[in-house]
Amino acid sequence: MAYTREYFQTSADFLRTRVDFTPEVGVVLGSCLGPFAQAVETPIVVDYAEIPHFLLSTVASHAGKLIFGSVEGRKVVCMSGRFHSYEGYSFEELVIPIRVLKLLGVRSVILTNAAGAVNRDYRPGDVMILRDHIKLNGTSPLRGPNLEDFGPRFFDVSRMYAPDLRKLALDCAKDSPLRVHEGTYMFFPGPQFETPAEIRAARFLGADAVGMSTVTEALTAAHCGLPLLALSVITNMAAGVLDQPLSAEEVDEAAEKISGAFSDYMKAIVAAI
Ligand code: HPA
């Protein structure tokens, strides 16, 4: 489908009828990282299903709600639940949420996800600030007619994970009990976890963690010039690192365990942004 600016504007205009302030920071919450949403004060909650031209969350651990409110005195909008290509969405459709956040007026975005550790020095419960990514699977979300209103046809992504936001997140880590690294995220389309051979290849290519999300949103943000911070919660060692099978339960349990400390870390980042 070839989108027009009006397509995204319809969603943003609807949301403006529900919310009378401009959010400064857009936050996308990954699997089981919902507790941050509970930190949003005076929340206004909008179900994705109510928003014209929006998408629907099909994954159990993703709530499917936009939450507007304040965190540490900053106006935010949180996506509690995101969209993935493995749900059947095309890469082009995955531009929708970030473009709507852009039209709502956010000035930066924070993307979060659960990820498997490729780097053997990482452990479940650690956090990785994305310094860069590798995406060799699937097409670009920016494929198709370019909407100049959002950004240029060809655009630089060499500094898309904003260096100043990464530094800010590293500084905030000093006051957090979490072990925080900076590293490279590699996108795999899922829904199957990777094979041990894919993980060995990922390590050889320079990946520190792997996951099934975030990169489409990050590219959309980079295209429309939105400063971006992306954080992975390490929920498991990636396939083949340990001699045991991976399971969604392991991922969800690990994400839930860290979600309180992670939520505090996110609050500190939002306050400092
Ligand atoms: N692979 C892909 N996605 C993930 C993983 C993983 O090991 N853990 C959490 N999300």
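Using alpha-carbon positions, what is the distance between the centroids of the stretch 161-205 and the stretch 132-155, in Å?
The distance from the Cα centre of the stretch 161-205 to that of the stretch 132-155 comes to 21 Å.
Tell me, what is a quarter of the convex hull surface for the C-alpha atoms of the stretch 61-143, in nm² with one decimal?
Values: hull surface 29.9 nm².
Computed as one quarter of the Cα hull surface, the answer is 7.5 nm².
Would you mind calculating the relative contact order of the stretch 193-273 from Cα pairs under 8 angstrom and at least 6 residues apart, reporting the percent as a whole number?
Working: 38 pairs, mean separation 25.4, N = 81.
That works out to 31 percent.
Suppose accessible area is computed on protein heavy atoms with a 1.4 Å probe; arrange 103, 136 from highest to lowest.
Numbers: 103 20, 136 125 Å².
Ranked list, largest accessible area first: 136, 103.
At each listed q (0.26, 0.28 Å⁻¹), what is the log10 of I(q)/I(0) that the Debye formula gives for the stretch 127-168 modelled as equal alpha-carbon point scatterers?
-1.03, -1.07
Among all the aspartates and glutamates, which ones have a C-alpha under 15 Å from residue 167's C-alpha, if same-chain residues fewer than 8 places away are not counted?
132, 175, 182
Between helix 248-272 and the chain, what is the angle of the helix's C-alpha long axis to the longest principal axis, kept within 0 to 90° and rounded to the nearest 10?
The helix 248-272 is inclined about 60 degrees to the chain.
Report, to the nearest whole %, how much of the accessible area of the stretch 123-246 belongs to carbon and sulfur atoms, 1.4 Å probe, protein only.
Details: 3110 of 5670 Å².
After summing per-atom areas, the C and S share lands at 55 percent.
With every protein chain left in place, what is the accessible area per residue of the stretch 152-192 in square angstrom, probe 1.4 Å?
About 58 Å² of surface per residue is accessible.
Within the set 102/135; 75/267; 135/174, which residue pairs have Cα atoms separated by over 19 Å?
With Cα atoms farther than 19 Å apart: 102/135; 135/174.
Semi-axes of the equivalent ellipsoid of the stretch 1-89: what are they in whole Å, largest first, if each equals the square root of 5 times a C-alpha gyration tensor eigenvalue? Numbers along the way, then the final one.
Details: eigenvalues 88, 67, 20 Å².
Taking √(5λ) for each eigenvalue gives 21, 18, 10 Å, largest first.
Based only on Cα atoms, what mean projected area does the convex hull of the stretch 1-155 have, in nm²? Don't jump to the answer; show the numbers that get you there.
Numbers: hull surface 40.8 nm².
So the mean shadow area of the Cα hull is 10.2 nm².
Mind giving me the nanometre distance, one decimal, between the label points for residue 72 and residue 249, set 7 Å out from Cα along Cα→Cβ?
3.6 nm
Compute the helix-to-body angle for 5-18: its Cα long axis versus the longest principal axis of the chain, expressed 0 to 90° and rounded to tens.
The two axes meet at around 80 degrees.
Return the ratio Rg/(2.2 N^0.38 Å) for the stretch 110-268, where Rg is computed over Cα atoms only.
Working: Rg = 15.7 Å, N = 159, 2.2 N^0.38 = 15.1 Å.
Normalised Rg, Cα atoms only: 1.04.
Accessible area of residue 263, 1.4 Å probe, to the nearest 10 Å²?
Accessible area, nearest 10 Å²: 10 Å².
Give the accessible area for residue 18 in Å² (nearest 10); use a 1.4 Å probe, count only protein heavy atoms, and leave out ligands, DNA and RNA.
Counting only protein heavy atoms, the figure is 90 Å².
Kindly sort 135, 174, 75 by accessible area of their heavy atoms, largest first, with the probe set to 1.4 Å.
Ranked list, largest accessible area first: 174, 75, 135.
Would you mind telling me the antiparallel percentage of the DSSP bridges in the stretch 1-109, rounded to 5? Walk me through the numbers on the way to the answer.
Working: 12 of 19 bridges.
Taking every DSSP beta bridge within the stretch 1-109, about 65 percent pair in antiparallel fashion.
Along each of its three principal axes, how wide is the spread of alpha-carbon positions in the stretch 125-198, in whole angstrom units, largest first?
46, 35, 17
Rounded to two decimal places and with Rh computed the Kirkwood way over Cα pairs, what is Rg over Rh for the chain? It would help to have the intermediate numbers written out before the result.
Numbers: Rg = 17.4 Å, Rh = 18.5 Å.
Taking Rh as the inverse mean 1/r over Cα pairs, Rg/Rh reads 0.94.
The values are calculated or read from the model by the stated rules, or taken from the named source; none is laboratory data. Model, not experiment: these values are computed from the prediction. Every residue, glycine among them, receives a Cβ derived from its backbone with ideal geometry; neighbour counts consider all protein chains shown. Only protein heavy atoms, including side chains, enter the accessible area calculation; ligands, DNA and RNA are left aside. Shrake-Rupley method; radii C 1.70, N 1.55, O 1.52, S 1.80 Å.
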